[in-house]
Amino acid sequence: MDQSLLSPANLQALLEFGAAAVATAGIEELTKDAYGAVRAKIREIFGRPGERALIALEADPASATARQQVTSVLATIEADDREDLRPVLEALIAAINRDAAAQAAIERYQVRLDLDVGKTANIEDLEGLESLDIRAKTGDDFNLKRLLMSNKGEPGK
């Protein structure tokens with residue numbers, strides 16, 4: 001049985017991507033319904049704390065505070081509850097994979113990089129991002145060149 005889908009990091013990412021996607025105009029109803037099923041299951045499993053965390057995330061998917069709320073809630077999940085989430089998460093992934101607007105929203109939504117290198121890290125030409133989160137540990141230089149952010153909800157230029 002593949003447990004990677006149910007890892008805390010993957011659960012977190014799927015909730016963030018779902019919240020970002022459904023907040024975007026042009027998302028298919030199937031994707032919205034699939035995210036709604038995930039949201040309902042989170043509410044069923046975690047009660048009010050889970051619901052409040054998702055409301056905060058949906059209001060601002062790029063918010064570090066909202067993401068931390070979700071992380072805190074997910075840290076309390078039991079193994080059986082993870083398995084209860086599997087079918088609705090798989091349905092959400094399938095819906096996103098069929099929805100070009102959802103895929104575009106997710107790609108535009110955020111880039112996260114965790115770098116731990118012993119030499120220089122060099123990243124160039126990032127465009128159209130709504131949010132960029134970089135954590136870098138380098139034994140040398142870290143360079144970032146040419147970063148063009150978009151306005152929230154609008155594609156980059």
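Just so it is clear, none of the values below were taken in a lab; they were calculated from the coordinates. Not measured: the values here are computed from a predicted model. Here Cβ is always computed from backbone atoms with ideal geometry, including for glycine, and neighbour counts include all displayed protein chains.
Could you tell me what fraction of 2.2 N^0.38 Å the Cα radius of gyration of the range 1-96 comes to, as a two-decimal ratio?
With N residues counted in the range 1-96, Rg over 2.2 N^0.38 Å equals 0.98.
Give me the net charge for the shell around L30: Cβ to Cβ below 12 angstrom, other residues only, Lys and Arg +1, Asp and Glu -1.
Residues close to L30 contribute a combined charge of -2.
Mean 1/r over all different Cα pairs, inverted: what Kirkwood radius does the range 28-78 give, in Å?
Evaluated over the range 28-78, this radius sits at 11.2 Å.
If the chain between R48 and E28 were fully stretched, how many nm would it gain, using 0.36 nm times the residue separation less the Cα-Cα distance?
Contour length minus the Cα-Cα distance gives 4.4 nm.
Hey, with R₀ at 22 Å, roughly what FRET efficiency would A100 and E78 work out to, going by the Cβ-Cβ distance, to 0.05?
Efficiency for this residue pair is about 0.05.
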